[in-house]
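Only the coordinates and a few stated rules stand behind these numbers; no lab work does. Keep in mind the model is a prediction, meaning the values are calculated, not measured. A quick note on method: Cβ atoms are made from the backbone with ideal geometry, for glycine too, and the neighbour counts reach across all protein chains shown.
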Amino acid sequence: MFDPRQYAAGVPHDRYRALRDQHPVAWQGEPQVLDWPAGPGFWAVTRHADVVRVLKDSVTYSSHLGATQIRDPDPDDLPFIRRMMLNQDPPGHGRLRRLVSRAFTPRRVERFESLARDRARSLLDAATDRARDGIGDRRGDGTCDLVRDVTDDYALLNLSDLLGVPESDRGLLLRWTQRVIGYQDPDEGGELLRGADGKPLNPRSPAMLRDMFGYAQDLAAHKRRVPADDVMTTLATDPELTAPELEMFFFLLTVAGNDTVRSAAPGGLLALMEHPDEYRRLREGEVPVSTAVDELLRWHPPVLTFRRTATRDTVLGGRSVRAGDKVVVFHASANHDERVFANPHRLDLSRSPNPHVSFGEGPHVCLGAHFARLQLRVLYEEFRTLKAGPLELAGPPRRLVSNFINGLKSVPVRVPVRTPRAR
């Protein structure tokens, strides 16, 4: 389950089911792939109950020991990587989470609903209008790309507004996200940057993040001089937050905050078009959009895997896990576990209850889940009443080469003849 290239063909649900049924905690090799060195291997955790157990038990399964990516970081980089909230355990993790929660308040997020709705509507309408009119489409066949023309900008601009990033600098956020998240994919990360020894440079290493951190400090200094009602102003003026902690928060919010919606949004839209009966139910108002959001998140979780490191010898899923072993949870597998979800391979927008783990569980449950759900709900509401009418896939989607992010690089759609917009 390690090779990131297999995920470009789709989430391997047949393999997940075989593991859930026969080897719910299975040892996986970690061979050299895409010029990245081989690793020692890890335990793949695929059943829902075991995934939740690992994510909730930070005493036994640490985020801090080896960080949260499958591949081991360079030992010299590990102390730096451990400074991020994502890579800490309680109680230090709780302190940082409380600090950033002061900025990431529901009240502040709710203010963005009207802005997000206008943005979703304008992006969808502009993309479908251009496609229908043949503008910017070399083939003139009435198609557009929902990722390029809608969801990338939607996620990026919403996050930029929340953080308080000036409009002129917003392209930087996408560039940093692609470099950190898409480093396994040549289309996203570009050519691998290498050190003097010829080995690939970890995109989360201090050297690779120097430009982002420098920008974070410049932006914080600006917010202290010219405060505004945004997250960076709150963080920059918090006396309890150190400069290194502010840098790490900016990194986490920029990358995780952007890519959660950037991955989930096109995945949800793709699922609707691949299931026309459910798409119709959404358009005709047969299911609440808020309920549909959770089913679409279950179906297409933005994150595929997270790693923990065992702090002590234990038993998980009937297997003996030794202290120091890597333990990796597979979110998409847990979300399709027949032991928890009836007919898990059927998209059911009215599914309730829906205990998916797409935003994690336990102390590290996604801090921005409320903001992400708001954005997705608004986008699907506008997609439901699109003035161009229901869209159809115009070709196969292109998926990200990654064993971490469940990303889509392209979702081509065909736009029908204009119909009146329902309201």
- Note on the structure: Once D277 and D229 are pulled to full extension, the length gained, defined as 0.36 nm per residue separation minus their Cα-Cα distance, is 13.0 nm
- Give, rounded to the nearest 20 debye, the magnitude of the charge dipole that the range 313-352 has about its Cα centre when Lys and Arg contribute +1 at Cβ and Asp and Glu contribute -1 at Cβ. 40
- Task: Could you tell me which of I405, H336, L219 has its Cα farthest along the dipole of the chain towards the positive end, charges placed at Cβ (Lys, Arg +1; Asp, Glu -1), taken about the Cα centre?
- Result: H336
- Message: In 5 Å bins starting at zero, report the fraction of Cα pairs in the range 3-74 per bin as a rounded %.
- Response: 3, 13, 19, 24, 22, 14, 4, 0
- Note on the structure: Output for the range 277-308: GluC sites (Glu not before Pro) sitting in coil per DSSP, at most 13 other Cβ within 10 Å, listed by number, reads E284, E286
- Mean projected area (nm²) of the alpha-carbon convex hull when the range 327-405 is viewed from all directions: 7.8
- Per the 1/(1 + (r/R0)^6) rule, R0 = 30 Å and r from the Cβ atoms of L78 and R15, FRET efficiency to 0.05 is 0.45
- Message: Could you tell me the extents of the range 194-332's C-alpha atoms along the three principal axes, largest first, rounded to whole Å?
- Response: 51, 51, 35
- Spread of Cα-to-Cα distances over 20 Å intervals beginning at zero, given as percent, for the chain: 26, 59, 15, 0
- Item | Cα-centred dipole magnitude for the range 1-138, charges only on beta-carbon of K, R (+1) and D, E (-1), debye, nearest 20 | 800
- Item | Two-site label geometry, R98 and H23: point separation in nm, points 7 Å out along Cα→Cβ | 4.4
- Message: For the chain, set up a GNM with springs between Cα atoms under 10 Å and report which of R384, R15, R83 has the largest fluctuation.
- Response: R15
- Message: Need the full-extension length gain, D3 to V365, defined as separation in residues times 0.36 nm minus the C-alpha distance. One decimal, nm.
- Response: 127.7 nm
- Item | Label-point separation, R346 to L34 (7 Å along Cα→Cβ), nm | 3.6
- Extent along principal axes [Cα atoms of the range 267-336; Å; largest to smallest]: 53, 17, 17
- Checking T309, T233, T128 against a Gaussian network model of the chain (alpha-carbon springs below 10 Å), the top fluctuating residue turns out to be T233
- Task: Would you check the chain for Lys pairs whose C-alpha atoms are within less than 28 Å, ignoring same-chain pairs closer than 8 in sequence, and give me the count?
- Result: 4
- Query: When the convex hull of the Cα atoms of the range 18-155 is projected onto a plane and the area is averaged over all directions, what value comes out in nm²?
  - Reply: 14.1
- Query: Based on DSSP H assignment, which helices of the chain show an axial Cα extent of at least 20 Å together with a mean Kyte-Doolittle hydropathy greater than or equal to 0.0?
  - Reply: 243-274
- Message: Can you give me the distance in nm between label points at E113 and D57, each placed 7 Å from the Cα along the Cα-to-Cβ direction?
- Response: 4.0
